[in-house]
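Inspection log for the structure reproduced underneath, given as structure tokens.
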């Protein structure tokens, strides 16, 4: 097997290995870590000291091939996000993009102590450097799943947060709605206003209040069974609750969204998922595109009979 050691004073000591034949992870670790006992090796694996191709793993029977790179950290565990519902999609020196689950807040409420995506990522970054923190660039509603991007320093955050619509090239969502929309494809243009109960609603009439903001959304019908429909939705503005308010306005509220008039909850969640986000990197100016598949329940709920 090939072996490489790296590390210097003040940094973790890590060894890199490559297997010479196909095998599973635990026998490979027992071989390279001999004479450590089996229990010690399993403990290292369980406590995040092992990576395969840059991803921290704990699965003892993970299959390996000669092209895989196995890294073992002898100094301390590799940094991990301590919630298996949050998955890192991309990371560099300036940004980190993750998959947010439905039901988890992007950022905590003032005075709250609940687990949020921000708190998990801040903990993850502090495992590498106690001085680090995650910086919020945008948010998703608590019960919307999908792609969230955080910055690793204040400069990157300010560039993205205050020019979000300039840097973002595409925002795609899957939405399961009640009923069938009036058209298979349409562009929705409404002025939105938030009331004192923090509910966003469409403003009607000839006189639009100056505080109302234009929202532009396009959708396409993917499939329907007459009771629920799956829509492919693209945002062209970034207003609060934009998709939820506009789809409710045309008589097709997002399933599970009782705040905006839904009466069904077939998957016990808000059936809105941010599946695609494309944006310019604030430092390198590279075009980054992140994608996530729709939850299986989105297809099963709308499958034609």
Which condition from (1) surrounded by 13 or more Cβ atoms within 10 Å (Cβ to Cβ); (2) at pLDDT below 95; (3) out of contact with any helix residue (DSSP H, G or I) (no Cβ under 8 Å at 6 or more places or on another chain); (4) not in a strand (DSSP E or B) is the one that residue 180 breaks? (2)
What are the pairs with Cβ atoms under 6 angstrom where one residue, in segment 256-283, is more than 22 Å from residue 97 (Cα to Cα) and the other, located anywhere, is at pLDDT 95 or above and part of a helix (DSSP H, G or I)? Sequence gap at least six, or different chains. 257/244; 260/244; 260/248; 261/248; 266/301; 267/297
Between 224, 217, 237, which is farther than 20 Å from residue 165 by Cβ, outside the structural domain of residue 141 (by TED's automatic domain parsing) and in contact with a helix residue (DSSP H, G or I) (Cβ under 8 Å, 6 or more places away or on another chain)? 224
Being assigned to a strand (DSSP E or B) and either within 26 Å of the chain's Cα centre (by Cα) or buried (at least 18 other Cβ atoms within 10 Å of the Cβ) (or both) is the filter here, so list the residues in segment 54-83 that pass it. 55, 56, 64, 70, 71, 72, 73
Across segment 144-167, the tally of residues that are closer than 26 Å to residue 272 by Cα and either more than 16 Å from the chain's Cα centre (by Cα) or modelled with pLDDT under 95 (or both) stands at 9
Being outside any helix (DSSP H, G or I) and over 32 Å from the mean Cα position of the chain (by Cα) is the filter; apply it to segment 32-53 and report the residue that is farthest from residue 14 (Cα to Cα). 37
Can you find, within segment 269-285, the residue that is farthest from residue 105 (Cα to Cα) among those that are in contact with a helix residue (DSSP H, G or I) (Cβ under 9 Å, 6 or more places away or on another chain) and outside any strand (DSSP E or B)? 283
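The values are calculated or read from the model by the stated rules, or taken from the named source; none is laboratory data. Please read all numbers here as calculations on a predicted model, not as lab measurements. We place every Cβ from the backbone using ideal geometry, glycine too, and count neighbours over all the protein chains shown.
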